[in-house]
1. Please identify the pairs in which a residue from segment 179-197 that is at positive phi has its Cβ atom under 7 Å from the Cβ atom of a residue that is of a type in the set (F, W, Y) and surrounded by 15 or more Cβ atoms within 10 Å (Cβ to Cβ), counting only partners at least 6 apart or on another chain.
2. Assuming W196 fulfils every condition listed in (1) touching a Lys or Arg at 6+ places or on another chain (Cβ under 8 Å); (2) open to solvent by 10 Å² or more (accessible area, probe 1.4 Å); (3) within 21 Å of T90 (Cβ to Cβ) apart from one, which condition is it?
3. When you scan segment 141-163, how many residues do you find that are small (G, A, S) and more than 21 Å from the chain's Cα centre (by Cα)?
4. If we only count strands (runs of 3 or more DSSP E) wholly inside segment 136-177, which ones have 3 or more residues that are not aliphatic (A, V, I, L, M)?
5. Looking at segment 42-65 only, could you name the residues that are more than 19 Å from A106 (Cβ to Cβ) and open to solvent by 50 Å² or more (accessible area, probe 1.4 Å)?
Amino acid sequence: MQQSYESERAASARVLVVDDDPTVAEVVAGYLDRAGYAVDRAADGPAALTRAAAHRPDLVVLDLMLPGMDGLEVCRRMRESGPVPVIMLTARGDEDDRILGLEVGADDYVTKPFSPRELVLRVESVLRRSRPPAARPASSPLVAAGLSVDPAARRATKNGTELALTLREFDLLAFFLRHPGRAYGREDLMREVWGWDFGDLSTVTVHVRRLRGKVEDDPARPRLIQTVWGVGYRFEPGGE
């Protein structure tokens, strides 16, 4: 039964591993393969873009430091042809690089050295969030303050104009619209939106900032997604 489940998952989920360190790439690919995923590999940016164009991946595990073209540029170029979840691999201590990765739309990052088993869990989490179950009860779009979010269609608009949101930005906005007027800490959002009980809370901070840039009239003076000092954030449809 387990083998049948893993075979089904492998047929439906393709992961592209991009890392110029052959040892790291081999270990990551091996763990993902044993977890039931179909795995492609690339050692640099141009090769990654070529493979992604030939076989569109369901998720990319992308090293930030690549020869010739860094992971940030690879992520940007891949996103030009459509959304794709990205987990970035970064060196421990390079906080600025991790923030940049999140700023360009990475859904998560893992710092080196890392546990391959933890990386597989992160892959499963991101893919699970990006693929809502096919069989689900019909639900009405979430509407507030000129925003409309259709969870089934994975579509969000502001005043009728479609918003270009990453996977996590969409989930975060949907969560806020479902829970107006209530303050949530970053730990709460990490658990409820990301589905994790652990992780770097700067991930939440960056995604809130990016989301504000897309839904607020003046992101420097946010009225919808308000900061609650000492607590976290609160969505106020009235914008007061």
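1. none
2. In the conditions (1) touching a Lys or Arg at 6+ places or on another chain (Cβ under 8 Å); (2) open to solvent by 10 Å² or more (accessible area, probe 1.4 Å); (3) within 21 Å of T90 (Cβ to Cβ), W196 misses (1) alone.
3. Counting residues in segment 141-163 that are small (G, A, S) and more than 21 Å from the chain's Cα centre (by Cα) gives 4.
4. In segment 136-177, the matching strands (runs of 3 or more DSSP E) lie at 155-158.
5. A43, P46, T50, A53, A54, H55
For every residue, the table says whether it meets (1) assigned to a loop (DSSP other than H, G, I, E, B); (2) crowded, with 23+ Cβ neighbours inside 10 Å; (3) over 11 Å from the mean Cα position of the chain (by Cα); (4) modelled with pLDDT under 80.
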{"residue": "P67", "(1), (2), (3), (4)": "yes, no, yes, no"}
{"residue": "E73", "(1), (2), (3), (4)": "no, no, yes, no"}
{"residue": "R79", "(1), (2), (3), (4)": "no, no, yes, no"}
{"residue": "P83", "(1), (2), (3), (4)": "yes, no, no, yes"}
{"residue": "L89", "(1), (2), (3), (4)": "no, yes, yes, no"}
{"residue": "D96", "(1), (2), (3), (4)": "no, no, yes, yes"}
{"residue": "T111", "(1), (2), (3), (4)": "no, no, yes, no"}
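The values are calculated or read from the model by the stated rules, or taken from the named source; none is laboratory data. The structure displayed is predicted, hence computed values, not measured ones. Don't worry about glycine lacking a Cβ; one is built from the backbone with ideal geometry, like all the others, and counts go over all protein chains shown. The protein model used for the area step is the full one, side chains on, heavy atoms only, and it has no ligands, DNA or RNA in it. Shrake-Rupley method; radii C 1.70, N 1.55, O 1.52, S 1.80 Å.
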